[in-house]
Amino acid sequence: MKAKKLVPKRRFKEFQNTDAWEQRKYGEVIDLLSGQDFSPSEYNDKCNGIPYMTGASCIVGKETIVNRWTTVPRCLAEKGDVLLVCKGSGYGAIAVLAQDKAHIARQFMALQNLSDLDKIFNFYLINSVIENIKKDARGLIAGIARDAVIKQEISIPSLAEQAQIGSLLKTLDDIIAVHQRKLEKSKALKSAYLAEMFPAEGERVPKRRFAGFTGEWKQRRLDELAEVRTGKAFSSLDFNDDGEYLVITNKDVNDQSQKNNRVNSKINITDENILSRYLLKGNNILITMDGNVGRVRKVTNENAVLAQRVARLNSDQLEFVYQITRNNNFLFEMNKVSVGNIIKHISLQQIAEYSFLAPISKEEQQAIGEFFKKLDDTITNQQQKLEKLKAMKQAYLEEMFV
């Protein structure tokens with residue numbers, strides 16, 4: 001039988017008709033330097049000597065930081081070497097050494113390129129090596145052995161092709177980092193505005209306010225600003241894969257469940273009274289009432305109905321109410337009043353009775369809600385862009401490597 005040709009699914013145009021990738025042992029294209037620990041007398045925190053890299057705490061993102069130094073180095077990694085955390089907390093983490101030289105401790109291995117391997121390409125190649133090692137171990141180890149690294153089979157192209165692949169992926173990483181910083185800056189900006197545009201503890205007037213609004217804020221209950229209802233106990237016997245309406249449950253509101261590829265239950269409903277009461281038409285704020293209680297999500301879906309044990313808020317000041325219920329204090333209070341040892345529960349009454357400060361003027365409530373909605377929209381757009389870039393990078397990693 002003819003051996004399968006080692007060619008990636010996606011390739012730069014100038015390499016499409018060139019040689020197939022070559023299969024090698026990873027130990028044939030790198031020198032692997034294992035680290036060595038120092039006794040306390042052999043290192044310092046006074047910037048005296050060269051950096052001493054001790055483990056995962058020396059990695060932030062994909063870069064190395066220094067918090068210890070030594071004047072008696074023995075296991076020297078060089079600038080540009082890939083450092084792999086091989087044991088202990090954070091094993092499998094990698095970073096490129098940014099410093100000129102560093103002594104590495106036993107928690108590290110330094111992967112030093114030989115002439116057949118591009119340094120940037122190797123940084124991305126090592127990820128697949130680590131994943132293969134973990135897969136082979138089936139979760140039975142809490143570390144990475146030297147032999148497991150050097151005996152791994154890899155496939156590599158010419159140095160010229162390696163350089164182009166590495167350059168593309170690094171450019172994508174740099175773009176991702178820029179968008180990540182933008183997102184973090186927007187989130188920090190929102191946090192700062194929340195702290196200044198809502199009264200601090202013990203105060204009744206916010207530090208920052210829109211022009212034209214004065215006077216103290218007043219204590220209000222949630223049911224004074226919103227209608228508080230819940231969904232219907234639909235029977236699972238009525239669920240139908242071809243149903244017209246999605247059934248929104250507690251799991252759909254929980255923040256963590258949004259990332260799962262969950263398939264909603266579906267149902268057909270012909271009763272207009274049921275539809276008019278439980279259809280999620282228009283803007284709704286949904287709140288979990290079981291398990292992770294007090295989680296909040298804003299939902300608009302004209303093809304969905306609400307199941308029981310999920311609270312639904314409708315309000316003509318929806319955006320202001322949304323900021324109130326997304327506040328950490330709301331989550332804290334809902335957990336505080338919840339009942340149940342293993343699975344916690346809250347009631348509609350407890351949600352309705354939640355008390356908070358709000359401006360008397362609906363115009364001020366409206367202005368605050370709209371302001372934070374714009375910030376939330378910006379954050380959502382930035383998150384979506386970031387997720388697309390990460391998905392693009394993942395696709396390239398899968399398609400540009402053999």
Approximate spin-label separation D31-S235, in nm, with each point projected 7 Å along Cα-to-Cβ:
7.6
Quote the FRET efficiency, to the nearest 0.05, computed for K182 versus R208 with a Förster distance R0 of 22 Å and r equal to the Cβ-Cβ distance.
0.45
Let me know the shape class of the chain, please: from the alpha-carbon gyration tensor, a ≥ b ≥ c as square roots of the eigenvalues, rounded when a/c is under 1.5, otherwise prolate if a/b is greater than b/c, or oblate.
prolate
Which residue fluctuates most in the GNM of the chain (Cα springs below 10 Å): V253, V205, V72?
V72
Over the chain, with a Gaussian network built from C-alpha contacts below 10 Å, which listed residue (A102, A188, A233) shows the highest mean-square fluctuation?
A233
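Please compare each pair in K266/K344; K190/K281; K185/K374; K251/K385 to a cut-off of 20 Å on the Cα-Cα distance and tell me which ones are over it.
Numbers: K266/K344 26 Å; K190/K281 28 Å; K185/K374 15 Å; K251/K385 25 Å.
Pairs exceeding the cut-off: K266/K344; K190/K281; K251/K385.
Can you bin the stretch 164-237 into rounded, prolate or oblate? Criterion: square roots of the alpha carbon gyration tensor eigenvalues sorted a ≥ b ≥ c, rounded for a/c under 1.5, prolate for a/b above b/c, oblate for the rest.
On the way: a/c = 4.71, a/b = 1.40, b/c = 3.36.
Oblate, because a/c is 1.5 or more while a/b does not exceed b/c.
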Let me know the charge dipole size of the chain about its Cα centre in debye, to the nearest 20, where only the beta-carbon of Lys, Arg (+1) and Asp, Glu (-1) is charged.
280
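Find how much the distance from K151 to A20 grows on full extension, using 0.36 nm per residue of separation minus their present alpha carbon separation; answer in nm with one decimal.
Details: separation 131, 0.36 × 131 = 47.16 nm, distance 2.13 nm.
Answer, rounded to one decimal: 45.0 nm.
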The chain: antiparallel DSSP beta bridges as a percent of all, rounded to 5
85
Under a GNM of the chain (C-alpha, springs under 10 Å), which listed residue has the highest mean-square fluctuation: I65, I120, I94?
I65
Sort the following peptides by mean Cβ neighbour count (other Cβ atoms within 10 Å, averaged over residues), highest first: 329-335, 386-392.
329-335, 386-392
Beta carbons within 10 angstrom, averaged per residue: use that to sort the peptides 370-376, 270-276, highest first.
370-376, 270-276
Lys/Arg +1, Asp/Glu -1 at C-beta; the stretch 300-389 dipole; positive extreme among P359, S338, Q349:
S338
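How would you rank 11-18, 293-300, highest first, on the average number of other Cβ atoms within 10 Å across their residues?
Working: 11-18: 11.9, 293-300: 19.6.
My ranking of the peptides, most packed first, is 293-300, 11-18.
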Which of the listed residues, C86, Y278, Q383, is farthest toward the dipole's positive end in the chain, when Lys, Arg count +1 and Asp, Glu count -1 at the beta-carbon?
C86
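Given R₀ = 45 Å, FRET efficiency for I342-T171 by Cβ-Cβ distance, to 0.05?
On the way: r = 49 Å, r/R0 = 1.09.
Efficiency at R0 = 45 Å is approximately 0.35.
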Estimated dipole of the stretch 318-402 in Debye, rounded to 20 [Cβ of Lys and Arg +1, of Asp and Glu -1, Cα centre]
220
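Since every read-out is calculated from the coordinates, none of them should be taken as a lab result. This one's a predicted model, so the numbers in the text were calculated from it and none came from an experiment. Note: ideal-geometry Cβ built from the backbone for every residue, glycine included; neighbour counts use all protein chains shown.
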